[in-house]
Amino acid sequence: MNRLEKLLDGVATSLIMLDVDDLPGLAGIHEGLLQISREADDDAGIIRQAAAKSAEFVEKIVLNEVPDKMAVISMLNGCISGMQAIVRDGRSPAEAHFPSELGLTDVDRVGSSNAASIDDNDKPEIMSGENNGINPKTTDSEDAPRSSNSNLTSPPAEEPEPMFISLENSDSSLLAEFINEAREHCTIAEQMLMDLETNPEDESAINAIFRGFHTIKGAAGFLDLKPVSVLAHESETLLDLARKKTVKIVGAVADMIFDAIDTMRKLLDGTEKALTENIRFDASHLIAPILAALRRYLENPNAAPSGVVPKRVGDILIEMGIVTQPQIDSALAKKETPEEKLGETLVKQGVVPAKAVAHALRSQQQGKIEKPTAAVKEMVKIDTERLDRLVDTIGELVIAESMVGQDEEILRRVSPKVARNITHLNKITREIQEMGMAMRLVPVKPTFQKLARAVRDLTKKSGKEIEFIVSGEDTEVDRSIAENIGDPLMHMVRNSADHGLETPEDRIKAGKDRVGRIMVRAYHKGGNIFFDIEDDGRGLDRERILAKAREKGLIDHNKEISDKEIYNLILLPGFSTAQKITDISGRGVGMDVVKKNIDSMRGNLEISSTPGQGTLFSIKLPLTLAIIDGMLVKVEREKLIIPTLSIVESLSLVPDMIFTVTGKGEMINLRGELLPLIRIRELFGFEKDDAGNDSKAVVVVEDGAKRVGFVVNELLGQRQTVIKSLGPVFGKQKWIAGGAILSDGTVGLIMDVSGVISLSASTVMVESEVVLNREQKPQEVPAA
Amino acid sequence: MNESRKDSVVQSKTGIADHRAGKYLTFRLANEEYGLEILKVREIIGLMDITRVPKTPEFIRGVINLRGKVIPVVELRLKFSMEAKQDTDETCIIVVDIAGETGSVLMGILVDAVSEVLDIQPEEIEDPPSFGAGFDTRFILGIGKVKNTVKLLLDIDRVLTGVEVSGLEGYAETPEINEASALTI
């Protein structure tokens with residue numbers, strides 16, 4: 001890898017990880033760009049110019065001269081990829097697709113002969129700013145950042161046709177329906193596009209994407225949404241070429257369609273906003289870049305990059321041991337025209353026999369494995385609210401059924417025939433209940449697809465090579481889990497990509513395959529759902545975590561702790577061993593938030609890691625969040641439910657077992673362990689039941705490392721109950737987690753064990769309790 | 001009776017449309033008559049088993065199962081600091097739709113008895129009188145004078161929004177105090 005390429009990669013990585021307010025980071029990028037500009041030796045001077053221009057923009061960000069920094073940064077990203085395309089892949093400047101906002105003046109003129117033909121098309125777009133403006137440079141640079149947000153006032157700088165969405169005369173309900181539908185088409189198209197990544201020849205996938213755009217185009221035309229229909233039209237044209245096998249949807253073409261889908265989404269968001277806020281939405285800036293790219297490509301499909309196929313020929317040749325990296329580099333440098341194939345150059349120079357190149361090309365083709373297409377099931381869309389209502393109603397039905405079916409008066413009188421009918425009713429009711437529960441289940445595939453998309457983007461930006469492997473995409477989970485697991489998974493996958501995996505060079509040095517792997521699995525095991533995120537990167541740095549923990553005073557200097565305990569340290573708030581907060585990971589949710597998310601789903605996160613070989617995060621979740629296993633207990637006249645998850649054991653209470661501390665705090669000796677008792681009746685202030693069975697059972701519960709005994713009157717047995725929120729009125733109390741509808745139709749309260757324990761601790765300030773409480777809190781002490 | 005009604009119509013300022021005018025569900029608390037905007041009322045149900053939630057203010061009677069939904073029930077007598085009274089056959093729960101901070105919330109209010117639905121004309125409504133400091137009348141929309149009787153028209157959002165904020169704070173604070181003390185020891 002030559003020096004320039006390395007510099008570019010360095011800048012690219014820091015740009016992705018950049019926080020807009022991170023001044024040292026920006027300064028570093030600025031410095032890097034200037035260095036690139038100095039070192040660039042390409043004859044056309046394009047790199048030199050692009051780097052210098054980019055540096056100017058970075059400076060503008062530092063000086064706060066641009067309104068939308070993120071837009072400028074994404075534009076810079078485009079510029080860097082352009083330079084990378086030239087330097088790394090040996091593309092011509094015209095193929096590099098520099099963002100027009102950059103204000104490069106003669107990209108097209110210095111291009112290859114192919115590029116010359118599109119010169120005329122491109123020039124007006126780039127130059128228009130200069131034609132209509134006084135002081136063209138500033139117009140360009142100030143307009144650039146706005147390109148990604150909907151600017152309502154300024155006329156479009158690059159796009160000749162105005163693209164307004166004005167909803168004055170449209171039917172809002174039709175429009176809302178269209179937005180929903182179009183979004184769905186986008187999602188499907190994206191999924192199909194991901195499938196195409198592995199199998200670019202899959203015609204049904206191409207057709208599906210084509211149909212999606214076609215439908216959107218038709219509806220948008222009807223609704224007079226010009227930007228949407230124009231974008232859909234151009235994308236459709238491109239896809240039509242793919243259908244006719246003129247182009248292949250790989251590499252840059254796939255990127256373009258991905259961009260088109262993203263832009264389409266943004267357009268839809270904008271339209272929705274315009275619809276709800278009743279404003280005019282100017283989409284010109286939003287769609288100008290993608291439209292330009294699409295049109296440029298459609299003008300001359302052969303000029304654009306044919307796309308990077310799964311593996312580059314050079315890499316395969318290196319793997320085969322026929323050539324070395326320096327040989328490839330020198331061959332790339334000597335290429336006579338940018339269009340010349342690497343293989344040809346190598347053969348011409350006599351470095352490799354033609355046969356070896358042919359072999360390499362063949363194995364490149366084999367990389368595209370045939371994938372069986374899954375059978376498509378017929379689906380019906382249902383409003384989630386209706387579904388929830390249905391499930392609620394089924395719950396009611398079950399209760400009503402059991403009230404009738406178990407009514408003693410009825411049972412005493414009925415004839416065998418009625419009894420048989422009641423049994424039948426019971427059976428059907430239970431079947432309906434199961435079906436209702438099953439309807440809440442959704443496959444994890446869409447969640448995984450989002451991850452795949454993120455990894456794809458990361459791979460492009462960071463210069464790392466990542467293979468993303470998923471299994472168990474069809475595993476079904478409760479809808480609420482599918483909704484809530486996305487963010488934690490995304491975070492962990494980004495973590496793995498950013499911190500876990502090494503750069504290709506480091507990997508080769510460590511004797512590993514240069515392509516890093518991230519595996520995500522979902523599967524059922526023992527009544528639970530598991531999500532595993534595994535990478536084969538460098539593993540967690542035990543010593544660094546330990547050093548950091550000691551530095552923060554989280555653990556005792558001399559205490560020996562197990563690997564597992566060390567790994568769990570990274571789940572603490574504010575604990576990050578990353579040297580720098582980055583965009584890929586480190587910002588947004590930290591591992592502590594991941595842990596909190598998983599806890600809130602009543603799940604469990606385990607970390608295991610082998611230095612040099614990788615890390616495995618394993619998440620264990622209950623099958624559904626809506627149902628909780630609980631022990632129904634009676635306290636005087638009230639019925640309460642204690643979650644089984646927290647229960648260690650239960651025993652009957654003999655008065656002799658109890659001894660007191662300072663006459664107040666009660667404890668029992670449970671096989672050598674002193675267990676504080678909490679009398680639920682007294683704590684909750686329930687009236688004494690005159691029917692008079694005295695307290696006689698202890699439920700031993702666990703909250704973290706802390707154990708206490710709840711004294712109740714009677715255990716009524718295990719129940720599976722549907723948790724119902726008590727609503728905002730009770731949002732601030734911590735001791736009741738929710739309500740459950742009991743079989744008699746009344747509401748039973750589900751206790752929050754840790755809430756009850758801290759309530760008790762605050763009510764009865766017994767010394768032993770305080771000590772226990774302090775033991776439970778050590779992690780929070782330094783954080784506070 | 002008719003005579004006096006006519007008088008009141010003549011006395012009131014006519015011609016000004018009052019947004020407070022409209023249909024009200026009236027109910028009784030002790031010997032006072034109250035009115036609830038009919039649009040706020042979801043349904044009226046008879047007394048059912050109410051599960052008391054421990055360690056919550058006295059005026060929150062507890063929660064009920066309303067066809068699979070768990071909703072809180074507020075005892076309006078206690079909320080208004082009136083004397084508590086044994087439930088009777090006439091005691092009802094009026095389910096109302098409250099505009100909370102996070103969207104609308106269903107809540108039950110326990111009242112002595114439900115009376116009738118009244119159409120109250122603009123000219124029958126007067127602003128609530130000021131009783132001086134210490135008596136908050138913000139939750140009263142106005143006073144309806146119908147057929148010689150007085151109906152206190154409630155702004156039920158105001159009455160019950162207070163429930164979430166002030167009602168439970170006292171209890172929510174205790175665990176924090178505990179944490180603080182645990183840290184200082």
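The values are calculated or read from the model by the stated rules, or taken from the named source; none is laboratory data. Since this is a predicted model, take the numbers as computed values, not measurements. Note: ideal-geometry Cβ built from the backbone for every residue, glycine included; neighbour counts use all protein chains shown. Areas reflect the complete protein model, heavy atoms only, side chains present, ligands, DNA and RNA absent. Shrake-Rupley method; radii C 1.70, N 1.55, O 1.52, S 1.80 Å.
Quick notes
- For residue B:48, the conditions (1) open to solvent by less than 40 Å² (accessible area, probe 1.4 Å); (2) within 14 Å of chain A (Cβ to nearest Cβ) all hold with the exception of (1).
- Residue check for residue A:508: among the β-branched types (Val, Ile, Thr), open to solvent by 50 Å² or more (accessible area, probe 1.4 Å) and in a helix (DSSP H, G or I): yes
- Qualifying residue in the stretch B:3-22 (condition: open to solvent by 30 Å² or more (accessible area, probe 1.4 Å), part of a strand (DSSP E or B), within 27 Å of residue B:150 (Cβ to Cβ) and modelled with pLDDT under 95): no
- Here residue A:502 meets the list (1) open to solvent by 10 Å² or more (accessible area, probe 1.4 Å); (2) closer than 16 Å to residue A:469 by Cβ; (3) in a loop (DSSP other than H, G, I, E, B) almost entirely, failing just condition (2).
- Residue match in the stretch A:723-737 (condition: under 24 Å from residue A:648 (Cα atoms), of a type outside the set (A, V, I, L, M), open to solvent by less than 60 Å² (accessible area, probe 1.4 Å) and modelled with pLDDT under 80): no
- Residues in the stretch B:51-67 that are at positive phi and open to solvent by 20 Å² or more (accessible area, probe 1.4 Å): B:55, B:67.
- Extreme residue, least open to solvent (accessible area, probe 1.4 Å), among residues of the stretch B:85-96 that are polar (S, T, N, Q) and in contact (Cβ under 8 Å) with a residue 24 or more places away in the chain: B:91
- Number of the condition not met by residue B:99 [criteria: (1) under 16 Å from the mean Cα position of the chain (by Cα); (2) more than 14 Å from every other protein chain (Cβ to nearest Cβ); (3) more than 15 Å from residue B:152 (Cα to Cα); (4) surrounded by fewer than 16 Cβ atoms within 10 Å (Cβ to Cβ)]: (2)
- Residue check for residue A:744: more than 28 Å from residue B:66 (Cα to Cα) and among the acidic types (Asp, Glu): no
- Checked against the criterion of being within 14 Å of another protein chain (Cβ to nearest Cβ), under 26 Å from residue A:396 (Cα atoms), of a type outside the set (D, E, K, R) and more than 18 Å from the chain's Cα centre (by Cα), the stretch B:74-89 has no qualifying residue.
- Hey, residue B:70 facing chain A (nearest Cβ under 9 Å) and buried (at least 20 other Cβ atoms within 10 Å of the Cβ) or not: yes
- Residue match in the stretch A:547-564 (condition: under 22 Å from the mean Cα position of the chain (by Cα) and either modelled with pLDDT of 75 or more or open to solvent by less than 50 Å² (accessible area, probe 1.4 Å) (or both)): no
- On inspection, residue A:417 passes the criterion of being loosely packed, with under 13 Cβ neighbours inside 10 Å, outside the structural domain of residue A:475 (by TED's automatic domain parsing) and modelled with pLDDT of 80 or more.
- Residue check, residue A:674 within 24 Å of residue A:736 (Cβ to Cβ), outside any loop (DSSP other than H, G, I, E, B) and either open to solvent by 50 Å² or more (accessible area, probe 1.4 Å) or within 14 Å of chain B (Cβ to nearest Cβ) (or both): no
- In the stretch A:9-24, the residues that are modelled with pLDDT under 75 and over 22 Å from the mean Cα position of the chain (by Cα): A:21, A:22, A:23, A:24
- Unmet requirement for residue A:707, which otherwise passes all of (1) surrounded by 16 or more Cβ atoms within 10 Å (Cβ to Cβ); (2) within 22 Å of residue B:74 (Cβ to Cβ); (3) among the charged types (D, E, K, R): (2)
- Candidate set: the stretch B:102-122, residues that are open to solvent by 50 Å² or more (accessible area, probe 1.4 Å) and under 23 Å from residue B:161 (Cβ atoms); chosen: the one nearest to the other protein chains (Cβ to nearest Cβ): B:102
- Flag set for residue A:485, criterion: open to solvent by less than 20 Å² (accessible area, probe 1.4 Å), out of contact with any Ser or Thr (no Cβ under 6 Å at 6 or more places or on another chain) and among the hydrophobic types (A, V, I, L, M, F, W, C).
- Taken over the stretch A:743-784, the criterion of being at pLDDT 50 or above, part of a loop (DSSP other than H, G, I, E, B) and over 35 Å from the mean Cα position of the chain (by Cα) is satisfied by A:743, A:744, A:745, A:746, A:764.
- Any hit, the stretch A:711-722, residues being within 11 Å of another protein chain (Cβ to nearest Cβ) and within 19 Å of residue A:639 (Cα to Cα): yes
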